[in-house]
Amino acid sequence: MESKRRARIFPHLWYTEEAEEAARFYAATFPDSRVDRVTSLLSDSPSGPGGSVTVVDFTLFGQRFQAMSAGPHHPFNDAISMVVLCDDQAELDRYWNALLEGGGKETACGWLIDRFGVRWQIVPSIMEELMNDHDPVRAKRVTDAMLKMIKLDIAALEKAHRG
């Protein structure tokens, strides 16, 4: 029997107390996603007595993630974000709306902050191609249009590309 190959590098997120809730929310939002395991550290740690720290292993779009609830530490910020590539506007809208559910906040240029404080970029799959066009005039028009948007509008970005 072939053993399942484990990811050798994956994101680990530190939540004050809502790691399992966040993982279940994300797993319900994205396909090929699930909560794989929830465990408590039985030993005392700098975050508290045994049993007070929870570690959550979960999968999003087939990619391994890990999170823990271990009390206040450093809040999430814009230095790290999760990028979700979307094939069309309906998919982009669906993820945008889902991640804003329950108290998320729109920011700018396709970015949002979910109710847990995690930063997300919800981006059309075609964005890289549009912004890296060999014609710098077209690429600039796309970038200029994107910089004026909050949620990205694929039709408007393609229109800017065409001129």
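A short reminder: the numbers here are calculations on the coordinates, not readings from a lab. Bear in mind that the values here come from a model prediction, so they are computed numbers and not experimental data. Using ideal geometry, Cβ is built from the backbone for each residue, glycine included, and neighbour counts are taken over all protein chains shown.
Assorted remarks:
- Additional length obtainable on full extension of the chain from Arg34 to Ala79, 0.36 nm per residue less Cα span: 13.6 nm
- Relative to the dominant Cα principal axis of the chain, helix 19-29 is inclined by about 40°.
- Debye, to nearest 20: dipole size of the range 1-74, +1 on Lys, Arg Cβ, -1 on Asp, Glu Cβ: 400
- On the basis of the beta-carbon distance and an R0 of 41 Å, Gln89 and Arg64 show a calculated FRET efficiency of 0.90.
- Given +1 at the Cβ of Lys and Arg, -1 at the Cβ of Asp and Glu and no other charges, the dipole of the chain around its Cα centre is 240 debye to the nearest 20.
- Within-9-Å neighbourhood charge of Lys151 [Cβ basis; K, R +1; D, E -1]: -3
- According to the Cα-based calculation, Rg over Rh for the chain is 1.06, with Rh computed by the Kirkwood formula.
- Compared with the dominant Cα axis of the chain, that is its longest principal axis, helix 136-147 is turned about 50°.
- Given in Å, the Rg to one decimal and the Dmax to the nearest whole number for the Cα atoms of the range 1-74 are 13.2, 43.
- Computed over the chain, relative contact order equals 17 percent, with contacts defined as Cα pairs under 8 Å that lie 6+ residues apart.
- Note on the chain: lysine pairs with Cα distance below 20 Å, sequence gap of 8 or more or different chains, count 7.
- The angle separating the long axis of helix 89-100 from the principal Cα axis of greatest extent in the chain is about 40 degrees.
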